[in-house]
Amino acid sequence: MKKVMILSGAGLSAESGICTFRDHDGLWENHDVMEVCSTQGWVKDRQKVSNFYNDRRRDLEFKEPNHAHKILAGLEEAYRGRIIHLTQNIDNLMEKAGAKDVIHLHGTLTDLRCEACTGTFPVGYAPQEGHETCPHCGNKRLRHNVVMFGEAAPEYSQLHQAIRHCTLFITIGTSGAVIDIVPIAKEFKHSILIDPKRQKIASIYDPKSYIDEYFEHFIQKKAGESMDDMMAIIREHMADRF
């Protein structure tokens, strides 16, 4: 059975007004990443890190899914069990669009995690104020449910499973700076790269190569503008019995 692996990044949600760390006016310029997104920063100043994610959560409440989110949610419904969507995004815009099975590789902004039992639970858009209690074990030592620099991302095992079981690889809105998409594309005969810009490979070994050279199809458009082209390729791929 043919299956589609989708790997999405910040570019998917950018059209909904979610700031990205890589933008010229993005969060990386306004915050020291190692202070608010790393294990070192968490140990040094838990409150500062909690405040950072409280702000992100508050901002997310008023963001709505864009056209790309809605099309991808519909794709999941149309090919139930045959779409594996892994996202680097921590927002819930895919879920707002109706998706049920998205795998969040870097965690979820609308949940908290217990540092004692590692259980997670939803808080929606409410700030973490310090008085919360884990519903699983009663511990009060809680943290954001977002993977930080300096710690493992448990869901990455799902990434490797998807590579083994899928026949078409689609990447949307990621430059490959966090997860290198070139080695993944090499594993597939059929692949689609969706990106409004041609991106050079971030490697000292091959600095002149472009990422799109490793993909079967390159749709050089924003996520929302690319959906018709993407869906045409997916329909053809899924209908092909060979």
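The values are calculated or read from the model by the stated rules, or taken from the named source; none is laboratory data. This is a predicted model, so every value here is computed, not measured. Cβ coordinates were reconstructed from backbone atoms using ideal geometry, including for glycine residues, and neighbour counts include every protein chain displayed.
Before moving on, here are some points about what is shown:
- Taken as a whole, the condition of being touching a strand residue (DSSP E or B) at 6+ places or on another chain (Cβ under 9 Å) and surrounded by fewer than 19 Cβ atoms within 10 Å (Cβ to Cβ) applies to Ile103.
- For region 124-132, the condition of being of a type outside the set (Asp, Glu), part of a strand (DSSP E or B) and at pLDDT below 95 holds for none of the residues.
Residue-by-condition table, conditions (1) at pLDDT 95 or above; (2) among the basic types (Lys, Arg); (3) surrounded by 15 or more Cβ atoms within 10 Å (Cβ to Cβ); (4) not assigned by TED's automatic domain parsing to the domain that holds Asp91:
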site	(1), (2), (3), (4)
Leu12	yes, no, yes, no
Glu29	no, no, no, yes
Asp32	no, no, no, yes
Glu35	no, no, yes, yes
Thr39	yes, no, no, yes
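- Which numbered condition Arg143 fails, given (1) touching a Leu at 6+ places or on another chain (Cβ under 9 Å); (2) under 27 Å from Gly81 (Cα atoms): (2)
- Residues satisfying the stated conditions in region 219-239, i.e. charged (D, E, K, R) and without any contact (Cβ under 8 Å) to a residue 60 or more places away in the chain: Lys221, Glu225, Asp228, Asp229, Arg235, Glu236
- Residue match in region 166-176 (condition: surrounded by 15 or more Cβ atoms within 10 Å (Cβ to Cβ) and at pLDDT below 90): yes
Matching residues to (1) assigned by TED's automatic domain parsing to the domain that holds Ala10; (2) within 17 Å of the chain's Cα centre (by Cα); (3) under 20 Å from Gly17 (Cα atoms):
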residue	(1), (2), (3)
Thr87	yes, yes, yes
Met94	yes, yes, yes
Lys100	yes, yes, no
Cys117	no, no, no
His131	no, no, no
Cys137	no, no, no
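- Members of region 138-162 that are touching a Phe, Trp or Tyr at 6+ places or on another chain (Cβ under 8 Å) and of a type in the set (Val, Ile, Thr): Val146
- Test result for Arg113, surrounded by fewer than 16 Cβ atoms within 10 Å (Cβ to Cβ) and farther than 26 Å from Glu187 by Cβ: no
- Residues that are at negative phi and more than 15 Å from the chain's Cα centre (by Cα) were ranked within region 150-161; the one that is surrounded by the most Cβ atoms within 10 Å (Cβ to Cβ) is Gln161.
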